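Notes follow once the structure below has been shown.
What follows draws every value from the coordinates through simple rules; no lab data is involved. Note that this is a predicted model, so its numbers are computed, not measured.
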Amino acid sequence: MVPRGAFMREPGPASDCGTPVEKERLAMLDTAQFKDRLLGRKHELYRLLHRIESDLEATPNPDAEERATERENDEVLEEIGNTGLGELAAIDAALNRIEAGTFGICPKCGQPISPARLAAVPHAALCEECIKR
Ligand SMILES: [Zn+2]
């Protein structure tokens with residue numbers, strides 16, 4: 001009896017036999033998808049922070065009243081900038097966890113972080129239980 005496909009197959013390197021363990025681990029959590037989202041958000045934040053920086057460096061308006069308004073704006077921009085920097089740090093930490101293979105695991109209690117939480121906040125460090133505590 002001739003095996004099915006015997007005539008079609010060319011001898012050569014087997015193509016579709018990746019390491020089973022790796023495949024299983026990736027199937028549990030689609031880290032590639034989270035990595036994409038995290039990197040996308042990171043670039044967004046970089047652009048935002050860059051814009052804030054150049055706004056803050058802009059030469060002050062010669063008009064005193066205008067200057068006061070600009071200062072107020074600067075304070076708001078700085079606040080947005082600080083929030084952005086915090087998020088950037090959290091995103092970098094999450095990307096490091098993806099590289100380390102610990103993404104989606106709460107570092108505090110060692111339990112998996114719920115997929116719903118990760119979907120909403122991919123850079124979440126702690127699980128819902130630990131956040132509440
Ligand atoms: Zn936890």
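What the table shows:
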read-out: Anchor Lys42: aspartates and glutamates whose Cα lies under 12 Å away (excluding residues fewer than 8 positions away in-chain); value: Glu87, Asp92
read-out: Amide hydrogen neighbours beyond the local backbone of Ile105, cut-off 5 Å, H modeled; value: Ile113
read-out: Relative contact order of segment 30-103, defined on C-alpha pairs under 8 angstrom at six or more residues apart (%); value: 46 percent
read-out: Relative contact order, percent, segment 90-133 [alpha-carbon distance under 8 Å, six or more residues apart]; value: 39 percent
